[in-house]
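One structure below.
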Amino acid sequence: MADNQDALNALRWKKFNVLNDGFVCLVDVMGSDDSIVQAARVSYGAGTKSVSDDRTLIRYLMRHRHETPFEMAEVKLLVRAPMDAWRQWVRHRTASINEYSTRYSVAINSAQTTEPTAWRLQASSNRQGSDGLLSPEEGAKLTEEEREFQSAARAMYERRVELGVAREQARKDLPLATYTEAYWKCDLRNLLHFLSLRMESHAQYEIRAYAKIIGEEIVRPLFPNAYEAFVDYMLDSCSLSRLEQETIARLAAAGKVPATYEDFLDACDPAWKGLTRCREREEALEKCVKLGLVVRD
């Protein structure tokens, strides 16, 4: 418990910068790893401590998806994020939120900007993702256009406010890159679920940058055993569906491990064969490559 208090004292109100002008900081925390095991052991009564130490118990809970004990701890953050990233954030409807009001106060005079080398290309295989980068030369043009647009949008907004236009209406043409601030309080179970989705490599870069800071810089020192188990059993784990297990079994039975891509196609489920595009099949292939079962050409 002393270690947890030391971590809390060191982290509270420490500002972690994200993107060009965003941040995350810890406001408060309730509970620790001890709170998780305390809640879990209430189901078993006295005597279980000698059977299972705290770290082992937390790993068991995470591994077998006994998740309610993780709800006995909470984290409250203050965040500043671009409105488009914040829209993704609030889709996780398991937190208590109080956001900066641009009906009551003047909008924050800051917007997310993009470096010339950071303009991402649309992925061809994923309609909601990106893959690769625009050339720095083209990116420089877009960055300059971005700067001009954001400056003009802010000037228009401020003119409206100076003329006495209601703030709730004056704000309507501000870009989604405008930063907002909010208090965000979430129990550890749902916070880890948020991190499992938003730290994942396919998550949008902007929100992934926030999730990485929250996970590695705040949750890990406050809940070291829970975070370790989270990384091992959620973030870096690999689940296998029935179809994937059967595909791997067919490869093993044929003695084709490691297999070629053609071997994988021969062994995959009949429902996947003959399809020009099949996300389920491609995701199965990615897992097999990660496990060393298939070698890409």
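What follows draws every value from the coordinates through simple rules; no lab data is involved. Everything numeric here is computed off the predicted structure, so don't read it as measured data. Don't worry about glycine lacking a Cβ; one is built from the backbone with ideal geometry, like all the others, and counts go over all protein chains shown.
Descriptive notes on the structure:
- Magnitude of the charge dipole, the chain, Cβ model with Lys/Arg +1 and Asp/Glu -1, debye to 20: 700
- Residue-averaged [θ]222 nm for the chain, counting only DSSP H segments that reach four residues, each worth -39500 (n - 2.57): -12500 deg cm²/dmol
- Most fluctuating residue given options L121, L11, L26, as computed from a GNM of the chain linking Cα atoms under 10 Å: L121
- Considering only V18, V165, V79, the mean-square fluctuation computed in a Gaussian network model of the chain, springs between alpha carbons under 10 angstrom, is largest for V165.
- Rounded, prolate or oblate (a/c below 1.5 giving rounded, otherwise prolate when a/b exceeds b/c) for region 61-145 by Cα gyration tensor: oblate
- Cα-based convex hull, the chain, per residue volume (Å³, whole number): 177
- Once the C-beta distance of H92 and R277 is scaled by a Förster radius of 35 Å, the resulting FRET efficiency is 0.75 to the nearest 0.05.
- Cα→Cβ-extended label distance, 7 Å offset, between V295 and E99, nm: 5.1
- Under the Debye formula (equal points on every Cα, no solvent term), log10 I(q)/I(0) of region 142-253 at q = 0.15 Å⁻¹: -0.85
- Among Q169, L188, T143 the positive-end extreme of the charge dipole of region 142-189 (Cβ point charges): L188
- For region 146-297, the Cβ-based charge dipole about the Cα centre amounts to some 420 debye (Lys, Arg positive; Asp, Glu negative; other atoms uncharged).
- Greater than 31 Å apart at Cα, pairs in K76/K287; K212/K287; K212/K290; K15/K172: K76/K287
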